[in-house]
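Each remark here refers to the structure printed beneath this line.
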Amino acid sequence: MLITHGTVMTFDEDNRIIADGALHIAGDVISDVGTTHDLVTQYPYDVFMDARGQLVLPGNICSHTHFYGTFARGMALRGEPPKNFVEILEKLWWRLDKALTLADVRYSVLPALVDAIRNGTTCLIDHHASPNAIEGSLDVIAECAKRAGVRVGCAYEVTDRDGHERARAGIAENVRFTRAQQVNPHPLIGASFGLHASFTLSPHTLEQCVEAAQQVGSGFHVHVAEDQADQDDSLQKYGVRVVERFARANVLGANTIAAHCIHLDAGEMDTLRDTHTNVTHQPRSNMNNAVGTQASLELLKRGICLGLGNDGFSNNMFAEMKAAYLAHKQAHGDPRVVGAEQVMQMAVANNARIANLYWSRPLCQLVTGANADIIIADYFAPTPLSGSNFPWHVIFGLDGSHVTTTICAGKVLMKDRVLLTLDEQEIAAKAREHAQQVWTRI
């Protein structure tokens, strides 16, 4: 396939803009990049897709999400509203995930993937929980990803909050799924070992998780210091802070994703840096839960690979970028804190590095040899657009609503805003049925 007549933004080191640009796709890889004239001359017999002057960009990545959160939308909670993070878990999330069946898991994932495709998010790293439907739950998520045509990294969050038997089942699900991917890998699916958080993991369970993950050669995907309660629990029970506890347990490292990392001290940040642990930032969720604001600039200054996730919010990652840009300014009372360049570093270069834990080819770049994950957006800049000022066009203009075409691994998933792999109305109708059943169980 040959995409022609686009304003191509390469997102390589030079971040070139190619006017009347074109991309040639061979299978699931970008095989050539240049002007429309040059590539049409070189590939005259290939199928053409005319971008009609629109922006041609790499697909967005979400480095931390929870698909099962779909069923929380519009759900009423009886009694007094939760007043802190622990109560939010106890009154909402830990009741919701216990009510899920495998069929419910499927119809919580599919609407999230519809949302992702519509908003130009082609790669998502999920963190799943369904304590009464553990075995096979990661298979269901993977099947949905294959059906939709997007990249998904899968992990089951192991926790002791539902008892030792379910903790062992969570370990087994991570091991089973990882081994299955190693034996029969699928180009769209990745696997890692999920952990909930320090305050719901006993020393024995954590030790079992580390041993099991080492046997299959997996890194971890874990929540770290999302709320001060996590630190208080670790200090009270173990006499050390969360990052130190995980470092001693061999949880941290270059193959691990530590989500949130809000309530850290300088020593913990240094430990994350020294262990080359990847970190993700979820500003919309953090503001919604009132848990605080991550010290993102301090993490970036240390050279930590800090990516951008959404924690189960909408899969419009352009909205998450805008939130990241604004949240820190409000929290610090300083308009200079976390500029658009830092936001784009998180959302593009660093998210690509995190996604490379699962997929080895370059992501978030329109260059020869990169994965053919591409979006086309009808954003026609009202002011001059360049590689250097593009971050501010994202923050103040470009949004998921501009996405007209979404391509992942060379396959067109949406063209001219028409979904090609998923039936949105049918999925939404079935999801409503399942959501109502889940709400009734709760």
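The values are calculated or read from the model by the stated rules, or taken from the named source; none is laboratory data. What you see is a predicted model; the values in this text were computed from it and never measured. With ideal geometry, Cβ positions are generated from the backbone for all residues, glycine too; neighbour counts draw on all protein chains shown. When the accessible area is computed, the model is the full protein with side chains, heavy atoms only, and any ligands, DNA or RNA have been set aside. Shrake-Rupley method; radii C 1.70, N 1.55, O 1.52, S 1.80 Å.
Being in contact with a Gly (Cβ under 7 Å, 6 or more places away or on another chain) and either of a type in the set (D, E, K, R) or under 20 Å from GLY292 (Cα atoms) (or both) is the requirement here; does MET346 meet it? So MET346 fits the description; yes. Pairs meeting the criteria (first residue in the stretch 374-388 and within 15 Å of PHE11 (Cα to Cα), second residue of a type in the set (Asp, Glu) and surrounded by fewer than 19 Cβ atoms within 10 Å (Cβ to Cβ), beta carbons under 8 Å, at least 6 apart or on different chains) are GLY387/ASP14. Candidates in the stretch 44-83 are the residues that are touching an Asp or Glu at 6+ places or on another chain (Cβ under 9 Å) and hydroxyl-bearing (Ser, Thr, Tyr); of these, the one that is nearest to PHE380 (Cα to Cα) is THR65. So, in the stretch 323-365, how many residues would count as being over 20 Å from ASP14 (Cβ atoms), in contact (Cβ under 8 Å) with a residue 12 or more places away in the chain and of a type in the set (S, T, N, Q)? Residues meeting the conditions: 0. If I filter the stretch 251-266 down to residues being open to solvent by 40 Å² or more (accessible area, probe 1.4 Å) and either in contact with a Gly (Cβ under 8 Å, 6 or more places away or on another chain) or of a type outside the set (A, V, I, L, M) (or both), which single residue comes out as nearest to GLN208 (Cα to Cα)? Residue satisfying both the conditions and the ranking: ASN255. Scanning the stretch 299-321 turns up no residue that is acidic (Asp, Glu) and more than 29 Å from ALA72 (Cβ to Cβ).
Once the stretch 309-338 is narrowed to residues that are within 15 Å of the chain's Cα centre (by Cα) and aromatic (Phe, Trp, Tyr), the residue that is most open to solvent (accessible area, probe 1.4 Å) is PHE313.
Answer yes or no as to whether ASP12 is within 20 Å of PRO391 (Cβ to Cβ), of a type outside the set (Ser, Thr, Tyr) and either open to solvent by 10 Å² or more (accessible area, probe 1.4 Å) or in contact with a Phe, Trp or Tyr (Cβ under 6 Å, 6 or more places away or on another chain) (or both). Steps first, please.
Details: within 20 Å of PRO391 (Cβ to Cβ): yes; of a type outside the set (Ser, Thr, Tyr): yes; either open to solvent by 10 Å² or more (accessible area, probe 1.4 Å) or in contact with a Phe, Trp or Tyr (Cβ under 6 Å, 6 or more places away or on another chain) (or both): yes.
Yes.
Based on what the data block shows, is PHE246 surrounded by 19 or more Cβ atoms within 10 Å (Cβ to Cβ) and in contact (Cβ under 8 Å) with a residue 40 or more places away in the chain? In short, yes.
Checking the stretch 232-242 against the condition returns a match, with at least one residue being among the polar types (S, T, N, Q) and either in contact (Cβ under 8 Å) with a residue 12 or more places away in the chain or closer than 14 Å to CYS305 by Cα (or both). Counted as qualifying within the stretch 339-442 are the helices (runs of 4 or more DSSP H) with 3 or more residues that are farther than 25 Å from PRO185 by Cα, among the polar types (S, T, N, Q) and open to solvent by 20 Å² or more (accessible area, probe 1.4 Å), namely 424-441. For HIS64, indicate whether it is out of contact with any Gly (no Cβ under 6 Å at 6 or more places or on another chain) and either under 26 Å from PRO187 (Cβ atoms) or without any contact (Cβ under 8 Å) to a residue 40 or more places away in the chain (or both). No. Among the residues making up the stretch 9-40, those that are of a type outside the set (Gly, Ala, Ser), under 13 Å from ALA372 (Cβ atoms) and under 26 Å from the mean Cα position of the chain (by Cα) are LEU23, ILE25, ASP28, VAL29, ILE30. Each residue in the stretch 397-436 was checked for being of a type outside the set (Lys, Arg) and either within 16 Å of LEU57 (Cα to Cα) or at pLDDT below 95 (or both), and 18 of them qualify.
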